[in-house]
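Every number here is computed from the coordinates shown, using simple stated rules; none is lab data. All figures in this text were calculated on a predicted structure; none of them were measured in a lab. Cβ placement follows ideal geometry from the backbone for every residue including glycine, while neighbour counts extend to all protein chains displayed.
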Amino acid sequence: MFYAFDLPYFDGHLLTNAELSVRRHLLTDFLDGATGAIGLSEEVDGDGATLLKTSCSLGLEGIIAKHRDSKYRSGRTGDWQKK
């Protein structure tokens, strides 16, 4: 199963200048009702330290975080945080 979390390009439009919240909204609409090997990653609002502690206690790999108002920048820019 592949979990999508961002949508930098859609339907002939480059979305890199749009905020993450806009790109996620489009991705959510696109995947609504879809079945198969692609799903939408869960979005959780809350305290990062608490979320990380909970995910580790469940045996999960960790969490990935980014500000909702962030624009898309390719490469290792430090915009995404993985813990």
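Across the options LEU27, ILE38, LEU58, the greatest Cα extent toward the positive end of the charge dipole of the chain (unit charges at beta carbon of Lys, Arg, Asp, Glu) belongs to LEU58.
Annotation: extensible slack from THR50 through ARG68 equals 4.6 nm (criterion: 0.36 nm per residue apart, minus Cα-Cα distance). Work out the charge dipole of the chain with +1 on the Cβ of Lys and Arg and -1 on the Cβ of Asp and Glu about the Cα centre, then indicate which of TYR3, THR16, ALA49 is farthest towards its positive end. Farthest towards the positive end: ALA49. Per the Cα gyration tensor, the chain maps to an equivalent ellipsoid with semi-axes of 23, 17, 11 Å, ordered largest to smallest. For GLY39, the residues whose modelled amide H falls within less than 5 Å of its own, excluding neighbours fewer than 5 places apart on the same chain, are PHE2, TYR3, ALA4.
Got the relative contact order for region 2-82 handy, in percent, Cα pairs under 8 Å and 6 or more residues apart?
34 percent
If only the Cβ of Lys and Arg carry +1 and only the Cβ of Asp and Glu carry -1, the dipole of the chain around its Cα centre is close to 400 debye.
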